[in-house]
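Coordinate-derived values only; no laboratory data. These figures come from a predicted structure and were not determined experimentally. Heads up, the Cβs are rebuilt from the backbone with ideal geometry, glycines too, and the neighbour counts pull from every protein chain shown.
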């Protein structure tokens, strides 16, 4: 019985460990409330995504996205309040869609050879195989993520 338990526990731990995907990234976030540009990691697990940015010479900044909340260095907000505080003018699901490389439904949409471009009056959004860029001219916000290795590796 003990061997049976140990085998299944080991198998469970193996599959949980494999369920977490870590991708090295270079991130630039420039908004009225946040200014960060450095390398880090995007961790994707069951029910969450975590963007960790290592600022040279100081403590890392961590954004953890779960179903109903976003935490910044373990200080949590519901998504609507987070976006209102840090990225005024953007919808509450934008951060999720950026990390998932999903369309924002801005109006203008053009397919490119390795992604797409979307535009509205104030927002430019480009997704390609190796990067995501969002620029909001009105709120003076830029979010840029460059995947340093393909997400499919």
Discussion item. Can you compute the modelled spin-label distance between residue 131 and residue 37, with each label point 7 Å from Cα toward Cβ, in nm?
Written reply: 1.2
Worksheet item: What's the center-to-center distance, using Cα atoms, between the stretch 45-98 and the stretch 103-153 in Å?
Response: 18
Item to complete: Grab the alpha carbons of the stretch 20-147, take their convex hull, and tell me the volume per residue in Å³.
Response: 101
Practice prompt. State, to one decimal in nm, how far the label point of residue 20 lies from the label point of residue 59, with both points 7 Å from Cα in the Cβ direction.
Written response: 2.0
Worksheet, complete the sentence: Pseudo-spin-label distance residue 102 to residue 68, built 7 Å along Cα→Cβ, given in nm, is 1.8
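What FRET efficiency comes out for residue 113 versus residue 28 if R0 is 25 angstrom and r is the Cβ-Cβ distance? Round to the nearest 0.05. Mind showing how you got there, number by number?
Details: r = 24 Å, r/R0 = 0.95.
Step by step, r from the Cβ atoms, then E = 0.60.
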